[in-house]
Amino acid sequence: MEDGSSVYDFHAEIGGNLIEATIKEKQEAIYDYDDAISSGQEAFLLEESDESPDVFRLSVGSLPAGQTASVSLSYVTELPVQADDALRFFLPTVLCPRYTPQGSTSLTSEVPFVPCDSVPYSLSLNCHLSSLNGIASVKSNSSLSPLEYLSDDKTEAKVSLSPGFQFDRDVELLIYYSQAHQPTAVVEAGVSTAAEGSLMGVPLVMVSLYPEFSRSTEESLTKNGEFIFLMDCSGSMKETMEWESNSARRIESARDTLLLLLKSLPFGCYFNICLFGSHFKFFFPKSVEYTQQTMESAMKKVKDMDANLGGTEILSPLCEIFREPCKPGYPRQLFVFTDGEVGNIKEVIEKVKKNSAKHRCFTFGIGDGASTALIKGMAKAGNGHFQFVCGKDRMQAKVMQTLSFALQPAVTNVALNWHVPDGMEVVPVSETPMMLFSGQQLILYSQLKGKVDETAVGHVSLQYSLCDMEHKTEMHFALNCAKHSRLTAHRLAAKSLINQMEEKKEEQLLTGGGIENLKKNIVEMSSEARVLSPYTAFIAINKESREAIQAPLIRRDIPCGDYMNEVSLFNSGDYMNEVSSFDSGDYMNEVSLFNSAMPCDSSLKASLPKKKGSSLISKIFMKCLSPASNSMSELPVPVEEEKQKDPMLKLISFQKANGSWELQQELINLFNKAEQEVLQKKPKEISDKSVWATFLALLWLHGFNSHMKDEWKFVALKAVSWIKAQPGLNLSICLQAGNDLLGCQLDLKTLEL
């Protein structure tokens, strides 16, 4: 399940009986489950993995011979905003084998893997979408039914996953709304039966804001910084981005992206690159100044980069990076590229959190199965931003958006102010954010205590300083409670509080304080809100069963699909021989998506197949592993062909570190012009051929690749800065000559000159 999901309900049905689960302290729930199984009762146990908070285990037993059980769980989650303003709903179906350092507990060592077409279950997905802003469209990396509107104003719609899903990729839905970036607020009534003054017992407001920075702020992007790129070169990075044989491999896509990043760095900054696997190696002993010489040296090494460093051991290189002191005046920005197949996730996140004052951490999850707990957890701990790159996603565009965040000047003096009528009090649940990024969604939760006047209006403002200027994002909201509340906001707020308390555990250990009281508080909050936590579990026991099951118990582990052809590393031959005897079960996921501060409420149902002739104990891992298939964007070609067919990346590869181009034959060939014609069109006022080459390159990017500006905008910024620094240059004459040569009709404003 995606990291941050709040699981709030679990029940089972067996023999016509509905068995509601209760939430208990985890060890107590495990004891009750084991006791029920040993007594021959039917029991169900749902728990969060100790190693990774985005993986859950469901244990079922003891099922009589020939018996079928159905289980259902429900959860809510926030939907992140993408670069193109879409909201992303993500249903992980891929659980990759996790590399675990020696001495750590392995998350996937006991998980059986089988070929994708042999998994004993199927998937159906039905989505109901609701938004006051109107639903424009829905895209997916999987085949969908046509979008069906349920209202004339397009505020409600439904869509389904087409039959035949092969568990060959994580499922991604991108939901586009008619009015993107609209601040919203939802006031939700509390539960009348909850304790007075408790989180669940009082009204709660969920606010979604979108801080937008002005154009002048974006133009003041910092040029001083230390950029460290931590690149996963483990063996699993050899896998393709998707299942087709002509798909680019993860390491190839990462390599092209790293080359583009190197070309986009501001002149005069500092940088270094570290490749890691079972061991790690830096390009330079320590970060070096970004010059033509250091850029060329790094590019040569990047081109030789391959997925040949063994397992995914990310903690050791992180420790080495944090051991090196930061350069005064050059804030450290850490970019992490990995397929997320890491076993010691909590250790890694804690290390990033401990050093968060020294850096900002930006993460990229590459390929299906990347751990959302690792990718999102590192970015949150390092006050940065995360991105996931799957299937046919073009990595370059997402990485360039993140680079713009990294170059953004630091935000200071962040303050959140609430204004409500007299007699009311606002008690924040969410912590005030330390880092803001332009256009990125910010979701906040607060309790409304006192007497709520539903005819009144509240007001919230987010204030911050940026580039010595004061900024404010604000909105007004009605205090009347939403009708037909499903306690979505309360459950998300409870999960937010649990996460905040869990993050304090490391601080308690460092200060020598006890963590037992902290665990006790988490268990109490989890029980009050019925939201799963690391220290609680859902337990359901069929107490209607009158006869104890006497037959021998046969244990069965439900397998995950494997598209890495590594079954022999994780399965025994005996188990593989048993797979064919399984009956088929199926999962059905019913999802409701609401665009009121963008939560998602989802229910997962699974029918557990029976095995004739014996009773059954069954353990389900709620993620599965498989290859990628259909997607939304253009089909990539193998990397060697792509380099020949993508003239934009080829042109960028010729740019110098200072932002200029030389008038070389390869550049002229990209313009589809003869060298003599290019030289004849050069204005006489231009004595330096590099000036003419740089002006033509800038014109060509704007004139023929404007749809990919997100990928080359920093390359263009460097070129503009270099051109402006050339003395005595008549830009109007250069523009006219360049337009005539290339057949463009651009003006100096478009070129930002």
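The values are calculated or read from the model by the stated rules, or taken from the named source; none is laboratory data. Quick caveat: nothing in here was measured; it's all calculated off a predicted structure. Don't worry about glycine lacking a Cβ; one is built from the backbone with ideal geometry, like all the others, and counts go over all protein chains shown. Heavy atoms of the whole protein, side chains included, go into the accessibility calculation; ligands, DNA and RNA do not. Shrake-Rupley method; radii C 1.70, N 1.55, O 1.52, S 1.80 Å.
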task = Would you tally the net charge around His419, using a Cβ to Cβ cut-off of less than 14 Å, leaving His419 out, and scoring K and R as +1, D and E as -1?
result = -3
inquiry  = Counting heavy atoms of the protein chains only and a 1.4 Å probe, report the per residue accessible area for segment 647-753 as a whole number of Å².
reply    = 48
message = Just to be sure I understand the model, the point goes 7 Å from the Cα along the line to the Cβ. What's the resulting Asn480 to Ser706 distance in nm?
response = 4.6
request  = May I ask you to give the solvent-accessible area per residue for segment 294-374, in square angstrom, as obtained with a 1.4 angstrom probe?
outcome  = 34
task = Mind checking which lysines have their Cα closer than 27 Å to the Cα of Lys158? Skip sequence neighbours fewer than 8 apart in that chain.
result = Lys139, Lys392, Lys483, Lys605, Lys623
request  = State which entries of Lys327/Lys505; Lys303/Lys724; Lys358/Lys398; Lys303/Lys656; Lys354/Lys472 exceed 21 angstrom in Cα-Cα distance in the structure shown.
outcome  = Lys327/Lys505; Lys303/Lys724; Lys358/Lys398; Lys354/Lys472
inquiry  = Net charge around Ala83, counting only other residues with Cβ within less than 13 Å of its Cβ (Lys, Arg = +1; Asp, Glu = -1)?
reply    = 0
query = Within segment 387-474, which GluC sites (Glu not before Pro) sit in a loop by DSSP and count at most 16 neighbouring Cβ atoms inside 10 Å?
reply = Glu431, Glu454
query = Using the heavy atoms of the protein chains alone and a 1.4 angstrom probe, what is the accessible area of segment 1-134 per residue in square angstrom?
reply = 33
message = Just to make sure I understand: if all protein chains stay in place, what is the order of Ser178, Ser160, Ser52 by accessible area at 1.4 Å, largest first?
response = Ser178, Ser160, Ser52
query = At a 1.4 Å probe, what is the % contribution of carbon and sulfur to the accessible area of segment 312-425?
reply = 51
